[in-house]
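Note sheet for the following structure.
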Amino acid sequence: MDKILVRGLEIFAYHGVNPEEKIDGQRFILDITADVDLSKPCITDNVDDTVSYAKIIKEATRIFTSQKDDLLERASRRVAEGLLQAFDKIESVTILLKKPDAPIKADFDYVAVEITLGRNEI
């Protein structure tokens, strides 16, 4: 399956178990992999035959910031479900949700969850 990739989408939001995370917020980084049949747009060169990167970014940001979740698992699942509902050309989507500034006393690049969801799972 062909793929549309969005890497390193940085979004400021208010997710986390700790109360201060929902008050102060923090940055999150999303990597989105959308499985899409790109055979038609490869021939037609028409943006209407594919899924716009810009629209994926706009919709993912809207969904991600629309509520405050305790868990990364829930926030990433909401983004995956929302993208599948918004774009009928996406067959499945993988969301890698990174939390680089998690309030953990340790030296790390980020903590993350990765969710893959197919159209038949929503």
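The values are calculated or read from the model by the stated rules, or taken from the named source; none is laboratory data. No experiment lies behind these values; they were computed from the predicted model shown. Cβ sites come from the backbone with ideal geometry, for glycine too, and all protein chains shown count toward neighbours. Each accessible area value is taken on the protein alone, full model and side chains, heavy atoms only, with ligands, DNA and RNA left out. Shrake-Rupley method; radii C 1.70, N 1.55, O 1.52, S 1.80 Å.
For the reader, a short list of remarks on this structure follows.
- Test result for T94, more than 13 Å from I11 (Cβ to Cβ), touching a residue at least 60 places away in the same chain (Cβ under 8 Å) and surrounded by 13 or more Cβ atoms within 10 Å (Cβ to Cβ): yes
- D101 at negative phi, modelled with pLDDT of 95 or more and of a type outside the set (A, V, I, L, M, F, W, C): no
- Residue in region 99-110 that is of a type in the set (V, I, T) and buried (at least 19 other Cβ atoms within 10 Å of the Cβ) present: no
- Within region 37-52, being surrounded by 10 or more Cβ atoms within 10 Å (Cβ to Cβ) and part of a loop (DSSP other than H, G, I, E, B) holds for D37, L38, T50, V51, S52.
- Filtered by the rule that a residue be closer than 24 Å to I104 by Cβ and not in a strand (DSSP E or B), region 1-36 gives Y14, H15, G16, V17, N18, P19, E20, E21, K22, I23, D24, G25.
- Per the conditions (1) in a helix (DSSP H, G or I); (2) farther than 12 Å from H15 by Cα; (3) of a type outside the set (A, V, I, L, M, F, W, C); (4) open to solvent by 70 Å² or more (accessible area, probe 1.4 Å), the sole criterion not satisfied by T116 is (1).
- Out of I32, I63, I122, one residue alone is among the hydrophobic types (A, V, I, L, M, F, W, C) and open to solvent by 50 Å² or more (accessible area, probe 1.4 Å). It is I122.
- Number of positions in region 75-91 that are touching a strand residue (DSSP E or B) at 6+ places or on another chain (Cβ under 8 Å) and open to solvent by 10 Å² or more (accessible area, probe 1.4 Å): 5
- Answer from D37, D88 - the residue that is more than 20 Å from V113 (Cα to Cα) and without any contact (Cβ under 8 Å) to a residue 40 or more places away in the chain: D88
- Tally, over region 24-34, of residues that are among the charged types (D, E, K, R) and free of Cβ contacts under 8 Å to residues at least 60 places away in the same chain: 1
- Taking the listed residues S66, S92, the one that is of a type outside the set (D, E, K, R) and in a loop (DSSP other than H, G, I, E, B) is S66, with no other qualifying.
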